[in-house]
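Participant: Got a structure for you, written out below as structure tokens; questions coming shortly.
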Amino acid sequence: MRAGFAFLLALLLAAHAHCQQSGNSFALTGTAGKQYADSCYSAAMKYFYRSNFDTAVYYLNKGVAAAEVAGDAHFIINYYLSLGNTYTLNNYPAKALWWLQKTNSKISKLTPYELQQKHLLLQGMAYERMQKTDSALHYYRLCEAFNTKYDPYNNWRVYDLMGLLFQKADMYAEAEKY
């Protein structure tokens, strides 16, 4: 057990050193690349949940190339959505939209509901941060329709965001509906 842990630790340290030497390019493939991407994602989420978004972005950016090399579409989507969410919350909505729009080519009917729903919701949130109300509403309504089809209970978050959006726009009667 300890030998396996020591090997994994040595592998991760070597990958980290390689990334530092080669300007963050990533050469590990296969299982090692997936493990590196998993480690970066775990570290990023640790900082994300502590609202340390700069450090979360650092680890997400380090691991995204490994995730792409690993080739697991759902894992890549998770990375892209996490980058989009983190950039939105860190008040860089244009960077967030870049990652969220990059996700478009990876989303399919086989993508789990939760990832598709999050993709729509995060686009609305990014546009809202950019003060593009019409675009934000468009994605919130797409998310509402998607949730209504697959899990109507999840519309509570969409309605909350739409209500706040209308409130910010001084449209109190419309905000009250949501």
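Participant: Alpha carbon centre of the stretch 32-66 versus the stretch 123-178: separation in Å?
Facilitator: That distance is 29 Å.
Participant: Compute the length gained on full extension between residue 102 and residue 174: take 0.36 nm times their separation in residues and subtract their Cα-Cα distance, giving the result in nm to one decimal. Show your work: numbers first, answer last.
Facilitator: On the way: separation 72, 0.36 × 72 = 25.92 nm, distance 3.25 nm.
Stretched fully, the residue 102-residue 174 segment lengthens by 22.7 nm.
Participant: Looking at the square roots a ≥ b ≥ c of the eigenvalues of the Cα gyration tensor of the stretch 35-113, which shape do they give, rounded for a/c under 1.5, prolate if a/b is larger than b/c, or oblate? Present the calculation step by step, with values, prior to reporting the outcome.
Facilitator: Values: a/c = 1.92, a/b = 1.21, b/c = 1.59.
Oblate, since a/c reaches 1.5 and b/c is not below a/b.
Participant: For the ranges 99-107, 113-121, 148-156, what's the packing order if you count other beta-carbon atoms within 10 Å of each residue, average per peptide, and put the highest first? The partial results should precede the final answer.
Facilitator: Values: 99-107: 17.3, 113-121: 19.1, 148-156: 11.9.
With the highest mean Cβ count within 10 Å placed first, the list reads 113-121, 99-107, 148-156.
Participant: With every protein chain left in place and a probe of 1.4 Å, what is the accessible surface of residue 157, to the nearest 10 Å²?
Facilitator: That residue has around 80 Å² of solvent-accessible surface.
Participant: Related question: Return the tail of the calculated pair distribution for the stretch 110-169, meaning the percent of Cα-Cα pairs more than 15 Å apart. Please report the intermediate quantities before stating the final value.
Facilitator: Details: 731 of 1770 pairs.
Within the stretch 110-169, distances greater than 15 Å cover 41 percent of Cα pairs.
Participant: Any idea what the dipole of the stretch 78-167 comes to, in debye rounded to 20, about its Cα centre with Lys/Arg Cβ at +1 and Asp/Glu Cβ at -1?
Facilitator: Numbers: 10 positive and 6 negative charges, 61 e Å.
For the stretch 78-167, the charge dipole is close to 300 debye.
Participant: I've got another one for you. What pairs in 62/149; 46/118; 46/95; 106/132 have C-alpha atoms more than 31 Å from each other?
Facilitator: Working: 62/149 36 Å; 46/118 20 Å; 46/95 21 Å; 106/132 25 Å.
Violating the 31 Å limit, Cα to Cα: 62/149.
Participant: Quick check on the stretch 48-178: take the gyration tensor over C-alpha atoms, sort the square-rooted eigenvalues as a ≥ b ≥ c, and tell me if it's rounded (a/c under 1.5), prolate or oblate.
Facilitator: Cα axes put the stretch 48-178 in the oblate bin.
Participant: What is the sum of charges, Lys and Arg at +1 and Asp and Glu at -1, for the other residues whose Cβ falls under 11 Å from the Cβ of residue 126? It would help to have the intermediate numbers written out before the result.
Facilitator: Details: positive: 95, 129, 132; negative: 128.
Net local charge, residue 126 excluded: +2.
The values are calculated or read from the model by the stated rules, or taken from the named source; none is laboratory data. Values in this document were obtained by computation on a predicted structure and should not be read as measured data. No Cβ is skipped: glycine too gets one built from the backbone with ideal geometry, and neighbour counts run over all protein chains shown. Only protein heavy atoms, including side chains, enter the accessible area calculation; ligands, DNA and RNA are left aside. Shrake-Rupley method; radii C 1.70, N 1.55, O 1.52, S 1.80 Å.
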